[in-house]
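The values are calculated or read from the model by the stated rules, or taken from the named source; none is laboratory data. Just so we're clear, the structure is a prediction, and the values are computed from it rather than from any experiment. Cβ atoms come from the backbone with ideal geometry, glycine included; neighbour counts cover every protein chain shown.
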Amino acid sequence: MKLAGFMLLLVSSAASINLKYITKRNSVDGCIDWSVDLKTYRVLAGEPLRVKCALFYSYIRTNYSVAQNAKLRLIWYRNKGDSEEPIIFAGHRLSKEGDSIWFRSAEMEDNGFYTCVLRNSTYCMKVSMSLMVEESEEGLCFSSRIRYQESAEITKSKMIRCPDIDDYLAPYKQPIMTWYKECERKEWRSSIIINTTSLWIPEVLEDDGGNYTCELKYGSRVVRRTTELKVTALLTSRPPKVLFPSERQTSVIDVQLGMRLVLDCRAFFGYSGDSRPIIYWTKGDKFVEELEGHIRESEVRVVREFLGEKEVELSLIFDAVEETDMGNYTCTVENHIGRGSGSAILQKKDMYRLELVGGLGAIMLILGIFTAIYKCYNVEIMLCYRRHFGSDEADDDNKEYDAYLSYTKVDLESVEHEMSEEELFALEILPDVLEKHYGYKLFIPHRDLIPSSTYIEDLARSVEQSRRLIIVLTPEFVARRGWSIFQFEPRLHSMLVTGEIKVIMIECSDLRSVINYQELEDLKHTIRVLSLIKWCGPKSSQLKSRFWKQVHYEMPAKRKESVSRRQVLDSGEQGLFGDLQAVSTVAMTTTSASLAPAHVEIPDYNEPGHLQMHHFCRSYEYELPTLSGRHMYCSLPMTLLNGRLTHNNTGKPKKDLHLNSSFMPLSGPELSSDIW
């Protein structure tokens, strides 16, 4: 009677247990088979393991002791293919203890399924358990195939427990356990609390994700369990959102018949657990599978992912667009909270509109190219236009000079001091190139203005008679405040402020460190019509350089832009020696010897008492488009041009005069007739 009651208890419990959703297989030889239990035993090779018969924990409401008293036997089998072989417990590595089998040291060969059968002569019930034995991966203390999985939402708290270790804990004894992250002992931040068998994180951070390993001392061996913690975004409370096509406005797409078309749907899914994103295309109320065979969907692609939030993409592919494919297509996305959708309308492309857009695009491209060319070569373009179509600015303005040249002249008392590169440019190169190459008429105060009691008034009148005002900004000019006269003389200041005269400032060097520089900047802001040009030293020496093109562009337009190669005297010299014929200094031939007597007495300039020639002979070298080689210009005093010497030289030994030399030495008394 007792046995019958126990059997009834077993049958009723087996029939009522369905909590684990395990389906019962057909009974074989009258034995109830519960298939494979959901729990999988996982262990690293070399570690101990206890496998318990799941019948006593999930399928029947009794324990092993009660089953023994009811004369039921527990038999263990190991599955090998389709057959089951009984386990013979012999040796120290594998043993049977109560309702379990113990592996003192699990090995790779122990992988597989183990079945426990509870039976007597009239009753039989069995269930199988799965065992996975893995070796640690190289350089790690765990195997990624048997680690446990946990997730935690960022900023929330998380408890990580050491799983499946209850069988290894001795009662009333404190376990010895160590925690690792990525197989290394770690200095945990102060907010993390480590208990005996768990680790508590009060506020999860993104860096808290990773592999946590707990190691329990068990006799002479250790038991290790590894949990991978995955940090996620906060659980979303919203449905997914379609990014394209737009949810708010239907997109209209022009297509060409017969062409291949790929229509992409892109959507954002917030973190909603482990559920996969649901996304699909429809046309009206038809799914893609119900449409024509030339239309299909691609695989769902994850474009980007962060903390479980995903941006995914699904393409609708048309192998060749047909007339019947025109219409409204809808992309729908779903999660357990709700759904969203976006629509796109396909319509035939208007070819005339396409041609119009193409034509406008080509025009805009051409305009862009011409704009870029103009920005790069605007000076050259304007010079070319002015040379062929421009008018002469001097025709009707009744002004005598093309430009007034303002700079600081080097003192004659300091002639022994060698001129700097900036001074050489300001005093010699700039005026000579403008006058001798471009043919401009300059007013140079030190050359063309005779000192008198009305010096300031004469200077102001000279500026009024000039079409341009050129200010050469050398360090000497800025340091001496060479612009002062244009500030303090009312008429000159008015011309700058009102824009009556155009000002060209040429910067010869970096002047920011020069005293009075800030005053110069203030002056620039008061000039209404101002052009700034930077002289870059040797890079600007060539006449084809952009510097000379900019200077030429800012100067007045002239029909005749260059002078004859026979013309060497500048405008100031022509004023002083207007009765003389122009003489070429490029090469003074023997035919010019008639200008001087056959025997001319020239002082010896190698003597210490004589000044060095290069301070007073304006010599420099540059290339002319029409003249080959390099040229030297020199201002010649009237006495030498007329072939006469001063009286104080008479009676001295006469020396030969070589007029073909590259420069002409000047004697001390003749300096009075030289404008420099």
Of the residues K436, K409, K375, which is of a type outside the set (D, E) and at pLDDT 80 or above? K436
Suppose the filter is outside any loop (DSSP other than H, G, I, E, B) and under 30 Å from E322 (Cβ atoms); does G342 pass it? yes
Looking at the structure I just gave you, is E323 charged (D, E, K, R), over 23 Å from P240 (Cα atoms) and surrounded by fewer than 12 Cβ atoms within 10 Å (Cβ to Cβ)? yes
Residues of the range 115-171 being under 20 Å from I101 (Cα atoms) and of a type in the set (G, A, S), which ones? S128, S130, A170
Every residue from the range 303-327 that is assigned to a strand (DSSP E or B) and either within 29 Å of V204 (Cβ to Cβ) or touching a Gly at 6+ places or on another chain (Cβ under 7 Å) (or both): V303, R304, E305, F306, E309, K310, E311, V312
Looking at this structure, is W483 out of contact with any strand residue (DSSP E or B) (no Cβ under 7 Å at 6 or more places or on another chain), aromatic (F, W, Y) and in the same structural domain as K436 (by TED's automatic domain parsing)? no
In the range 481-533, residues that are farther than 14 Å from V463 by Cβ, in contact with an Asp or Glu (Cβ under 8 Å, 6 or more places away or on another chain) and modelled with pLDDT of 85 or more total 3
Any idea which of G338, G327, G342 is in contact with a Cys (Cβ under 7 Å, 6 or more places away or on another chain) and at pLDDT 90 or above? G342
Go through the residues of the range 198-209 one by one and say whether even a single one is surrounded by fewer than 16 Cβ atoms within 10 Å (Cβ to Cβ), in contact with a strand residue (DSSP E or B) (Cβ under 7 Å, 6 or more places away or on another chain), not assigned by TED's automatic domain parsing to the domain that holds R93 and not hydrophobic (A, V, I, L, M, F, W, C). yes
Here the qualifying pairs (Cβ atoms under 9 Å; residues six or more apart or on different chains; first in the range 256-273 and assigned by TED's automatic domain parsing to the domain that holds E334 and closer than 18 Å to P240 by Cβ; second aromatic (F, W, Y) and at pLDDT below 95) come out as D264/F244; C265/F244; R266/F244; A267/F244
Please verify whether Y77 is farther than 22 Å from S220 by Cβ, surrounded by 15 or more Cβ atoms within 10 Å (Cβ to Cβ) and touching a helix residue (DSSP H, G or I) at 6+ places or on another chain (Cβ under 9 Å), treating the condition exactly as stated. no
Yes/no for V288 being at pLDDT below 95 and β-branched (V, I, T): yes
Which number in (1) in a strand (DSSP E or B); (2) farther than 19 Å from Y41 by Cβ marks the one condition that W102 misses? (2)
If Y212 meets every condition in (1) modelled with pLDDT of 95 or more; (2) more than 30 Å from T40 (Cβ to Cβ) apart from one, which number is that one? (2)
K230 - would you say it is touching a Ser or Thr at 6+ places or on another chain (Cβ under 8 Å), surrounded by fewer than 16 Cβ atoms within 10 Å (Cβ to Cβ) and among the charged types (D, E, K, R)? yes
Filter the range 139-172 down to residues that are among the polar types (S, T, N, Q) and surrounded by fewer than 17 Cβ atoms within 10 Å (Cβ to Cβ) and give me whichever is farthest from Y212 (Cα to Cα). T155
Would you pick out the residues in the range 233-255 that are closer than 25 Å to V333 by Cβ, in contact with a Lys or Arg (Cβ under 7 Å, 6 or more places away or on another chain) and surrounded by fewer than 16 Cβ atoms within 10 Å (Cβ to Cβ)? F244
Look at the range 194-209 and say how many of its residues are among the β-branched types (V, I, T) and either touching a Leu at 6+ places or on another chain (Cβ under 7 Å) or modelled with pLDDT under 95 (or both). 3
The residue that is nearest to I146 (Cα to Cα), considering only those in the range 44-98 that are in a helix (DSSP H, G or I) and either free of Cβ contacts under 8 Å to residues at least 24 places away in the same chain or in contact with a Ser or Thr (Cβ under 6 Å, 6 or more places away or on another chain) (or both), is Y57
Any chance the range 181-190 includes a residue that's within 25 Å of D274 (Cβ to Cβ), touching a residue at least 40 places away in the same chain (Cβ under 8 Å), out of contact with any Cys (no Cβ under 6 Å at 6 or more places or on another chain) and assigned to a strand (DSSP E or B)? no
Look through the range 163-195, keep the residues that are under 18 Å from Y148 (Cβ atoms) and hydroxyl-bearing (S, T, Y), and return whichever of them is nearest to the chain's Cα centre (by Cα). Y180
